[in-house]
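Taking it in order: structure first as structure tokens, then the write-up.
Here, each number is a calculation from the coordinates, and none is a lab measurement. Predicted model, so just to flag it, every value in this text is computed and none were measured. Positions of Cβ are backbone-derived with ideal geometry, glycine not excepted, and every protein chain shown enters the neighbour counts.
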Number of protein chains: 2
Amino acid sequence: MSLEKVCIIGSGNWGSAIAKIVGTNTQVHSQKFERTVRQWVFQEKIDGQNLTDIINTQHENVKYLKGVQLPENVVAIPDVVEACKGATLVVFVVPHQFVRGVCEQMKGHLAPNARAISLIKGLEITPTGTRLFSEEIERILSIPCAALSGANIADEVAREKFCESTVGCQNLNDGKLWHSLFDTSYFRINVIEDHVGVQLCGALKNIVAVGAGFSDGLGYGSNTKAAIIRRGLMEMRKFGQMFFGDMVQTETFFESCGVADLITTCSGGRNRKVGEAYAKTGKPMDVLEKELLNGQKLQGTLTAQEVYEFLSHRKLENEFPLFLTVYRIVYENAPVGSIVRDI
Amino acid sequence: MSLEKVCIIGSGNWGSAIAKIVGTNTQVHSQKFERTVRQWVFQEKIDGQNLTDIINTQHENVKYLKGVQLPENVVAIPDVVEACKGATLVVFVVPHQFVRGVCEQMKGHLAPNARAISLIKGLEITPTGTRLFSEEIERILSIPCAALSGANIADEVAREKFCESTVGCQNLNDGKLWHSLFDTSYFRINVIEDHVGVQLCGALKNIVAVGAGFSDGLGYGSNTKAAIIRRGLMEMRKFGQMFFGDMVQTETFFESCGVADLITTCSGGRNRKVGEAYAKTGKPMDVLEKELLNGQKLQGTLTAQEVYEFLSHRKLENEFPLFLTVYRIVYENAPVGSIVRDI
């Protein structure tokens, strides 16, 4: 049996935390994986030095995961074609706007039996339909693509704080391989078959977190917040089952990618924080984005808008009162208090 | 159609908050309920005055829910027989140790078609079996008994902060009545058929909260805590389905009594707090109970012990690693860190 050749596409905060795990596990499971893990690293100069050279000599991504030692068998490579050549297992962990371009470059360079997994958060939602990043990867590269998501703040994972994560994978043999590649004593993997639900949760949770932030900002107590989280979880599930049918399983929402990630996102996180500030100060959302996120666009409000347009195109927005209310507060100046009155 | 006669048995913090809701709703739904709500109040002297007289003149329970106005149609009665005479709907909201004695006194005084609902948290768990308080009420009074539980901190409910609650009721016609009696714009009732799961959640959540407190005390992040909450929810469900079979439904754990109450209990609450203090200080649990709870016994640690004895009697303790680990940390001096290593 030939060994699986692993490559990681991406090297940000989350990509680096995952590289630490993957590099350890290819050593632990040497009967399954080649020892070397190739990581595509977008080249940057750090104090005049190439980031790839720093990673390959100091075994630390000084820019995106400072202070965390990477296994020496993780090899940083600035050229994506070289990084992925002949790979049988490909871990995608790039910002979503780079997926397409990177896949186009990789086309024709993977092993014929290659399989991929997407750690990219979210999915594309337009008025006419949805598109998962796993689908994009499958479409461009013609290989099956699983998904991994969970209550996983990268820095906590890198510091080996106990947590769980969910792999959604239609092929259970591949699922076992992904389990071996990612599971550790502090990062526990559950494999389920529902790769759609896994990705859906990672996107829709951010809308709920904005709503939970409104509740915090209004000074409502933990009863109210728990009710918003619960109703959010129910709308996430309803959305999945209404538009993807049986592919999205009820059990998925009990997994780390479901309820656990939602809890984490609604207790810390930037979406919750901006929601709270909005309720407290009444400042426009774009001003708060500038003040609190250096002008970066907030994921939860964007997703609320995309989901609203998708739903209203089908005249179904009233079936999702929490999603609708977050949208109306952010984009139609509905009073913040409607977060409890209208859901 | 004759009107339902409502009586409330109990007048503590939660009983008073519920009296406010029930007293309002018998007025709103005057086609279903007699206006007057009789409330059994355990007589106490407050500055020389009877608590019942204060409630009946000032319409405020100055001892247990200060500052909240009760509807004037809630009538406090110090004699439990007089309070319940001829009642058709009985709301039990007394501390659990009083259930039996109070039911014995009430025997023979209710209307023949009376139905009850239990707002009493928890259930009795002994090595040989479990007993729900709804079962006790049914057994002694020979009337059907539903259950209500949810993410409901009494003071927040009394101040009309938005939240939800779950009614578990096998008879759906009765379920509709309970809905009319409790549902308001700020206290939203979902009726389900699973009265067992509703009560189970209210007891088992406290074990999970102690574990979440350990995680907080050890300085673990929100990933870890979310994982503990999630695994706790799964063990609550497994316990229900293993020992009560189909009576306990998966959907129950998505309700307010399930996931929402668990989230609230693991974010605030005394069980979490004492767990946190234990991990931080290493002081014995009984010392912390004295310091933080005036020597009152902590529910979560008691339940952990009862559940452990119930499970080990059946050699099933290893099927519930989180419950087992909380027990071992509290009663067998297992290291606090095992809360993540052993679950």
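Worth pointing out:
- Rg in Å to one decimal, and Dmax rounded to a whole Å, for chain B via C-alpha atoms: 20.3, 62
- For the range A:251-268, the Karplus equation 6.51 cos²θ - 1.76 cosθ + 1.60, evaluated at θ = phi - 60°, returns couplings of 4, 4, 6, 8, 7, 4, 5, x, 4, 5, 5, 4, 4, 4, 5, 8, 9, x Hz by residue, with Gly and Pro reported as x.
- Model label points for A:GLN49 and B:THR57, set 7 angstrom from Cα along the Cα-to-Cβ axis, are 8.3 nm apart.
- For B:ALA146, distant residues with modelled amide H under 5 Å away: B:ALA116, B:ILE117, B:SER118
- Local charge for B:LYS45 was computed over the other residues whose Cβ lies under 11 Å away, with Lys and Arg +1 and Asp and Glu -1, and equals -2.
- Dividing the mean sequence gap of close Cα pairs (under 8 Å, 6+ apart) by how many residues chain A holds gives a relative contact order of 14 percent.
- Between the amide H of A:CYS163 and those of A:PHE187, A:ARG188, distances stay under 5 Å, these residues lying 5 or more places away or on another chain, with hydrogens modeled in the peptide plane.
- Relative packing of peptides B:150-161, B:172-183, B:225-236 - highest average C-beta neighbours within 10 Å first: B:225-236, B:150-161, B:172-183
- Measure of compaction for the range A:208-255 (Cα Rg per 2.2 N^0.38 Å): 1.34
- Kirkwood Rh in Å, taken over all unlike Cα pairs in the range B:197-341: 14.9 Å
- Rounded to 5, percent antiparallel among DSSP beta bridges of chain B: 25 percent
- Near B:LYS32, once Lys and Arg are set to +1 and Asp and Glu to -1 for all other residues with Cβ below 10 Å from its Cβ, the sum equals -1.
- Rg/Rh for the protein assembly as shown (Cα atoms only, Rh after Kirkwood) is 1.02.
- Net charge of Cβ neighbours under 13 Å - reference A:PHE92; Lys, Arg +1; Asp, Glu -1: 0
- Take the convex hull of the alpha carbons in the range A:4-193; its mean projected area over all directions comes to 10.5 nm².
- Close amide H pairs (under 5 Å, H built 1.01 Å from N) link B:GLU4 with B:PHE33, B:GLU34, residues at least 5 positions away or on another chain.
- Mean separation of Cα pairs under 8 Å and 6 or more residues apart, divided by the residue count, gives the range A:274-343 a relative contact order of 22 percent.
- In summary, the aspartates and glutamates within cross-link reach of A:LYS273, defined as a Cα separation below 15 angstrom excluding same-chain residues under 8 places away, comprise A:ASP216, A:ASP286, A:GLU289, A:GLU291.
- Available extension along the chain between B:THR36 and B:ASP246 is 71.7 nm, counting 0.36 nm per residue and deducting the alpha carbon span.
- Distance from the range A:262-329 to the range B:301-343 (C-alpha centre basis), Å: 41 Å
- Size of the range A:275-317 from its Cα atoms: along the principal axes, largest to smallest, the extents are 35, 20, 12 Å.
- Cα Rg over Rh - the range B:125-239, Kirkwood: 1.03
- Across the range A:58-143, C-alpha contacts under 8 Å between residues 6 or more apart give a mean separation that, scaled by the residue count, equals a relative contact order of 26 percent.
- DSSP assigns beta bridges within the range B:67-154; of those with both partners inside it, close to 35 percent run antiparallel.
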